[in-house]
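The values are calculated or read from the model by the stated rules, or taken from the named source; none is laboratory data. Keep in mind the model is a prediction, meaning the values are calculated, not measured. Using ideal geometry, Cβ is built from the backbone for each residue, glycine included, and neighbour counts are taken over all protein chains shown.
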Amino acid sequence: MNYFRTAMLLAGLTALFMGVGYLIGGQGGAMIAFFVAAAMNLISYWNADRLVLSMHGAQEIDAVSAPDLVALVRELAGRAGLPMPRVYLMDNPQPNAFATGRNPQHAAVAVTSGLLQRMSREELAGVLAHELAHIRNHDTLIMTITATIAGAISMLAQFGMFFGGNRDNNNGGTGLLGTLAMVILAPIAAMLVQMAISRTREYAADDMGARIAGRPEWLASALAKLDAAAHAIPNNDAERNPATAHLFIVNPLSGQRMDNLFSTHPATENRIAALQQLASEMNQGGITAPRTTQRTPAGPWSRRPAGPWG
């Protein structure tokens with residue numbers, strides 16, 4: 001079902017891409033946009049994760065450079081029944097994180113330096129478990145492809161401003177209206193697609209991530225800190241690439257640009273309330289952690305000091 005949704009998304013974004021191409025160059029522009037979109041679809045499927053990681057300056061780390069962080073990811077992956085993902089670090093003061101990759105066998109988890117500095121080990125475990133839940137739910141493929149194609153649509157729409165619409169169109173008024181629609185509506189349509197994907201999947205990842213970690217209050221506490229810090233600390237890489245905002249656990253954008261008119265995440269207070277309800281149900285014995293394929297010790301990170309991280 002997830003691959004069907006991915007195919008439908010690619011088809012819809014390709015059609016939108018062609019529409020923008022038509023507004024820029026008529027039928028010829030639409031055909032060029034189609035071939036470009038087809039090439040982008042192939043590139044996105046195989047390399048979207050690398051493109052997104054590169055956009056945010058993420059550097060891969062290992063057990064030598066960051067032993068505590070990698071050990072924590074490994075343990076949580078074991079609890080989730082997942083292969084060990086690659087781990088990346090972004091030199092960014094804003095605490096945040098995202099997961100990417102076309103499937104669990106080719107997945108990666110990226111965290112910012114600000115996340116490691118501001119979170120306790122328990123809160124970090126909650127955040128990492130949330131990202132692993134995205135991998136387990138096969139969200140990362142559709143979310144990463146959306147980021148790359150939606151970003152391209154926004155760039156193409158801005159590029160259209162310099163062409164002044166379809167100059168071959170006999171109706172100059174229609175060309176002007178087409179240009180305005182292209183510049184305004186195409187980025188909005190791309191953001192709406194991201195919003196529809198992200199909002200539904202964030203609740204599901206919160207729920208499963210809390211079960212993987214075994215303590216929903218860890219993620220709830222982390223979300224409160226993340227939301228406050230995201231409004232106070234700018235994420236310059238995300239501001240330059242707003243189409244990737246929906247990948248992060250909380251919206252990394254400052255809210256000062258048009259890109260933020262449409263939030264890509266549910267309200268943090270609603271997410272925290274859902275986690276608190278889950279914690280209550282788990283404490284009453286009505287909910288258990290997800291079944292895994294690999295046995296690991298239960299939560300030793302809670303007995304370790306909060307750092308250093310390598």
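Can you go through L10, L53 and tell me which one is assigned to a helix (DSSP H, G or I) and at pLDDT 80 or above?
Numbers: L10 fails: at pLDDT 80 or above.
Of L10, L53, the one residue that is assigned to a helix (DSSP H, G or I) and at pLDDT 80 or above is L53.
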Taking the options L23, L72, L42, name whichever one is of a type in the set (A, V, I, L, M) and closer than 27 Å to N235 by Cβ. L72
Counted residues in region 47-99 being in contact (Cβ under 8 Å) with a residue 60 or more places away in the chain, out of contact with any Phe, Trp or Tyr (no Cβ under 6 Å at 6 or more places or on another chain) and not hydrophobic (A, V, I, L, M, F, W, C) come to 13
Quick one: count up the residues across region 218-235 that are closer than 10 Å to P252 by Cβ and among the polar types (S, T, N, Q). 1
If you go through region 58-116 one residue at a time, how many are in contact with a helix residue (DSSP H, G or I) (Cβ under 9 Å, 6 or more places away or on another chain), in a strand (DSSP E or B) and β-branched (V, I, T)? 5
Scan of region 15-50 for residues that are modelled with pLDDT of 75 or more and of a type in the set (V, I, T), ordered by number: I32, V36
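Return the residues of region 102-122 that are crowded, with 24+ Cβ neighbours inside 10 Å and under 22 Å from R201 (Cα atoms); say none if nothing qualifies.
Filtering region 102-122 for residues crowded, with 24+ Cβ neighbours inside 10 Å gives 107, 109-112, 115, 119.
Hits for region 102-122 are A107, V109, A110, V111, T112, L115.
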How do the pairs read when you match residues in region 14-42 that are touching a residue at least 12 places away in the same chain (Cβ under 8 Å) and over 18 Å from M143 (Cα atoms) with residues anywhere that are acidic (D, E) and part of a helix (DSSP H, G or I), using Cβ under 8 Å and keeping only pairs 6 or more apart or on different chains? none
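Within region 93-106, work out how many residues are polar (S, T, N, Q) and closer than 15 Å to I249 by Cα. Don't jump to the end; show me each part of the working.
Taking region 93-106 and keeping what is polar (S, T, N, Q), we get 94, 96, 100, 103, 105.
Restricting the remaining residues to those that are closer than 15 Å to I249 by Cα gives 94, 96, 100.
Residues flagged as polar (S, T, N, Q) and closer than 15 Å to I249 by Cα within region 93-106 amount to 3.
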